[in-house]
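Chemist: Okay, here's the structure, questions in a sec.
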Amino acid sequence: MHIRAATYLFVVFLGLIAISCSQEETLPTPTPSPTRPSILLVTLDTTRADSVGFECDAVETPALQALAARGMRFSQGWTTAPMTLPAHTSILTGLYPSEHGIHENSRFLDDQQVLLADRLRDGGYRTAAFISGYPLKRRFGLARGFDHYDDDLGKGNTERLAGPTTERALDYLASNTDGPLFIWVHYYDPHEPYEPPEPFRSRYPSSPYLGEIASMDHELGRLIEAFERRNQGQGSRIVVVGDHGEGLGDHGETLHGNLLYQEVMRVPLILAGTGIPKAHVETAVSTRHIFDTILGWAGLGGGFDLANATPEIVLAEALKPYLQYGWQPQVMAVSGSTKIIQSGETEVYDLQSDPSESVDLSSSVAIDPEITKAINAYSLPALDDTPSSGHLDQEAREQLASLGYIGWEGSPAVRDNAPNPKDMTHIFADLDAGSALFVRKDYEASITTFENVLAEDPENLMVTIRLAVAHSIIGNEKRAMQLFESARQIQPNSIDLKLYLAMHHFRFQRWELAGPLFEDVLDAAPRRLPALEALARIREKEDRLDDAARLIKRTIALKERPEAEWARLGELEMAMGNTPAAIHAFENARDLQAQAFEHTLELGVLYLAAGRPAPAAEALDLVPPDHPGYTMALFKRAQAAVLLGEPDWRERVRFASDRADPNLRRMIEREPLFQGVPRQ
Ligand SMILES: [Zn+2]
């Protein structure tokens, strides 16, 4: 279900500002593409258009400038959303977020979307990607179509510097010397924290953000050089583009994701390579057209070619405040030098005379009805569409939080009095800080911060529920219940309210109250991991093992590394006497856990029960002497020895019997396999 962007209260048409494409009305025609050139796509995370050399004197970016000097530089390149995953998804699908459905980080792209690498690989390209930041990890869905997807950031790391990423890409280029390649390299350096490596740290002591850009540019130079050398005589095409910018305090935003102003939406964009003419293009374009442009280069069709960009109304969105806090949804349109931001009210800027977007012209000029139409046609996700995601595990949540992305997987209240995000900048910092503390489990500190937010934004459902959870976890049940009640008044049918209230009852072991609430949650949002996990525990306590096993299987299907879940399923199947299913589950757990696997005794016992003494012996040999079931393992191992005809089986029986407690010793004495063994 989709709803349309809020409509204007009034539209006055006064024949506004014609689209003024100040120069390059007729672009130089690119010479025909070489047949299937190798293609390099470089995405620069968090890079403002005005923070690279051609717009900023305070930073040195020789690689970007050299590329721009021989290619096409776009000074009005606009991203589709001020956040990493949605912006990249647009580049790789050619679609706006309203069409590909990824409005925030930590969402999962649906399998049906056609991706650029898919098309190129089908068209005979070898494809490889080298990414540097957690929001683009394979699990989120952009790896499809890549023969090689290097998202190895190092254990526990959430980002990789441009240097090591470049090294990986250079190694790949050196070992793939034939045929056309499509390489995507993503650099993450300018994303906060701003900590450039030397010598850039010393060169930019007062602006580490620019230092990160300069450092990234240095690596970009090495990459381009190696890429073009590899393709000599075969043709090369290159796209370099920013995914979004960074607020740096402009319009009250420090980072990115909450607003739609130039500093976060306008990005560097350069095309270069064999046959690409030199030009400076001022036509406003959307970075989503990189998809069609590259397909065209590869001879695989394509529609909108950036090298022949014609004026159009460029759209974009910033929906984090809407999806997370229930504030006004924000949609942007740029046409010529006119920029509109629709967010409950309408702002109008003239980018040519007022590039810093400081004078809102909405009361003095009229808006071209075509722009209004385009904004109104941009479909927004309905708030009650959202809860279908929600299968991020705690590790992913913490990794994203460490980068400043706090996903709220809930469905916020539809608020009549929804505030405009631009009027709420004074609480951006507290919102992010409170959420980060919450995810890091520092509940006391998150309570203080969230109380400040609630004082400013009393109907913020996310904050109300998180506060309730924080109080519940620290044992302050009375305040928790008050807050759950206020959440109910804000949005009685909220799935999140049900989920977290259920967790609250679960925490206090009130299974009869928690169970039905979890069932409700799973009816509406079948992929909610916490509900699946908690309900499985309740079913286990109720001795409904079959139901518990079914729920655990659902969590296994949703998790990237369900090691603990396989082990738990193994225990349940074993308890129900399902030997083959238990073996299967424990084997999967063992494959994932390797050295950390703690169920070798169970597995050994199961193999024996299944008449497989050889793997049983192998498993039982791994049970360590400090394991509480060690003597049982010795007994079972002796059984395996008999069945395998091992010559030392008598010694094994004696060894087990000597260490057994009286109960186990009686079992050993009665064991038919051991009859006739001399005892001391
Ligand atoms: Zn980004």
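The values are calculated or read from the model by the stated rules, or taken from the named source; none is laboratory data. Worth saying up front: this structure is predicted, and the values here are computed from it rather than measured. Neighbour counts are summed over all protein chains in view; Cβ atoms, including those assigned to glycine, are modelled from backbone coordinates with ideal geometry. The area values use the complete protein model at the heavy-atom level, side chains included, leaving out ligands, DNA and RNA. Shrake-Rupley method; radii C 1.70, N 1.55, O 1.52, S 1.80 Å.
Chemist: May I ask you to say which residue of PRO199, PRO190 is away from the ligand (no atom under 16 Å from the Cβ) and modelled with pLDDT of 95 or more?
Modeler: The match here is PRO199.
Chemist: Do we find that ARG144 is more than 16 Å from the ligand (Cβ to nearest atom), within 21 Å of LEU271 (Cα to Cα), within 24 Å of the chain's Cα centre (by Cα) and at pLDDT 95 or above in this structure?
Modeler: It is false that ARG144 is more than 16 Å from the ligand (Cβ to nearest atom), within 21 Å of LEU271 (Cα to Cα), within 24 Å of the chain's Cα centre (by Cα) and at pLDDT 95 or above.
Chemist: Moving on to the next point. Taking the range 285-308, which residues are open to solvent by less than 10 Å² (accessible area, probe 1.4 Å) and assigned to a loop (DSSP other than H, G, I, E, B)?
Modeler: Matches in the range 285-308: ALA298 only.
Chemist: Looking at ARG554, is it under 30 Å from PHE140 (Cβ atoms), within 25 Å of the chain's Cα centre (by Cα) and not in a helix (DSSP H, G or I)?
Modeler: No.
Chemist: Which ones in the range 158-182 are open to solvent by less than 20 Å² (accessible area, probe 1.4 Å) and farther than 21 Å from ILE213 by Cβ?
Modeler: Across the range 158-182, the qualifying residues are LEU173, LEU181, PHE182.
Chemist: Can you pull out the residues in the range 535-551 that are in a helix (DSSP H, G or I), free of Cβ contacts under 8 Å to residues at least 24 places away in the same chain and either within 29 Å of PRO613 (Cα to Cα) or acidic (Asp, Glu) (or both)?
Modeler: ASP547
Chemist: Please enumerate the residues belonging to the range 610-655 that are in a helix (DSSP H, G or I), farther than 22 Å from ALA589 by Cβ and among the acidic types (Asp, Glu).
Modeler: GLU651
Chemist: Check every one of the helices (runs of 4 or more DSSP H) wholly within the range 443-529 and list those with 2 or more residues that are basic (Lys, Arg).
Modeler: Here the list reads 477-490, 495-507.
Chemist: Keeping to the range 592-630, report how many residues are crowded, with 21+ Cβ neighbours inside 10 Å, over 19 Å from LEU569 (Cβ atoms) and of a type outside the set (A, V, I, L, M, F, W, C).
Modeler: So the answer is 1.
Chemist: Determine if the range 173-195 includes at least one residue that is closer than 24 Å to LEU115 by Cα and assigned to a helix (DSSP H, G or I).
Modeler: Yes, that holds for at least one residue.
Chemist: Another question, then. With respect to PHE108, determine if the residue is within 14 Å of the ligand (Cβ to nearest atom) and closer than 30 Å to ALA382 by Cβ.
Modeler: no
Chemist: Next up: Could you say which residue among GLU263, GLU317, GLU347 is in contact with a strand residue (DSSP E or B) (Cβ under 6 Å, 6 or more places away or on another chain) and over 30 Å from LEU120 (Cβ atoms)?
Modeler: Matching residue, one of GLU263, GLU317, GLU347: GLU347.
Chemist: Please work out if PRO329 is in contact with a strand residue (DSSP E or B) (Cβ under 6 Å, 6 or more places away or on another chain) and outside the structural domain of LEU92 (by TED's automatic domain parsing).
Modeler: yes
Chemist: Within the range 47-62, identify whether any single residue is under 28 Å from THR177 (Cβ atoms) and open to solvent by less than 10 Å² (accessible area, probe 1.4 Å), and answer yes or no.
Modeler: No, the range 47-62 has no match at all.
Chemist: Looking at the range 97-142 only, could you name the residues that are among the aliphatic types (A, V, I, L, M) and open to solvent by 10 Å² or more (accessible area, probe 1.4 Å)?
Modeler: Once the filter is applied, which keeps residues that are among the aliphatic types (A, V, I, L, M) and open to solvent by 10 Å² or more (accessible area, probe 1.4 Å), the range 97-142 yields LEU109, VAL114.
Chemist: Looking at the structure I just gave you, is ILE213 away from the ligand (no atom under 16 Å from the Cβ), under 30 Å from ASP50 (Cα atoms) and of a type in the set (A, V, I, L, M, F, W, C)?
Modeler: No; evaluated as a whole, the condition is false for this residue.
Chemist: Say whether the condition of being crowded, with 18+ Cβ neighbours inside 10 Å, assigned to a loop (DSSP other than H, G, I, E, B) and touching a helix residue (DSSP H, G or I) at 6+ places or on another chain (Cβ under 8 Å) is met by at least one residue in the range 204-217.
Modeler: yes
Chemist: Within the range 218-260, count every residue that is open to solvent by less than 10 Å² (accessible area, probe 1.4 Å), within 16 Å of the ligand (Cβ to nearest atom) and in contact with an Asp or Glu (Cβ under 6 Å, 6 or more places away or on another chain).
Modeler: Within the range 218-260, residues that are open to solvent by less than 10 Å² (accessible area, probe 1.4 Å), within 16 Å of the ligand (Cβ to nearest atom) and in contact with an Asp or Glu (Cβ under 6 Å, 6 or more places away or on another chain) number 4.
Chemist: One residue is enough: does the range 268-282 have a residue meeting the conditions open to solvent by 10 Å² or more (accessible area, probe 1.4 Å), closer than 19 Å to THR47 by Cα and of a type in the set (Lys, Arg)?
Modeler: no
Chemist: Is there any pair linking a residue in the range 563-576 that is under 17 Å from GLN595 (Cα atoms) to one that is open to solvent by 30 Å² or more (accessible area, probe 1.4 Å) and outside any helix (DSSP H, G or I), with Cβ under 8 Å and at least six apart or on different chains, and which?
Modeler: GLU565/LYS559; ALA567/GLU598
Chemist: With GLN489, GLN509, GLN482 as the choices, which residue is surrounded by fewer than 16 Cβ atoms within 10 Å (Cβ to Cβ), at pLDDT 95 or above and assigned by TED's automatic domain parsing to the domain that holds THR449?
Modeler: GLN482
Chemist: For LEU170, are the conditions met, namely being within 16 Å of the ligand (Cβ to nearest atom) and free of Cβ contacts under 8 Å to residues at least 60 places away in the same chain?
Modeler: no
Chemist: Just to confirm my filter: which strands (runs of 3 or more DSSP E) fall fully inside the range 40-153 and include at least 3 residues that are without any contact (Cβ under 8 Å) to a residue 60 or more places away in the chain?
Modeler: Passing ranges, in order: 126-130, 148-150.
Chemist: Residue by residue through the range 298-351, note down the ones that are within 26 Å of THR464 (Cβ to Cβ) and among the small types (Gly, Ala, Ser).
Modeler: ALA318, GLY326, SER343, GLY344
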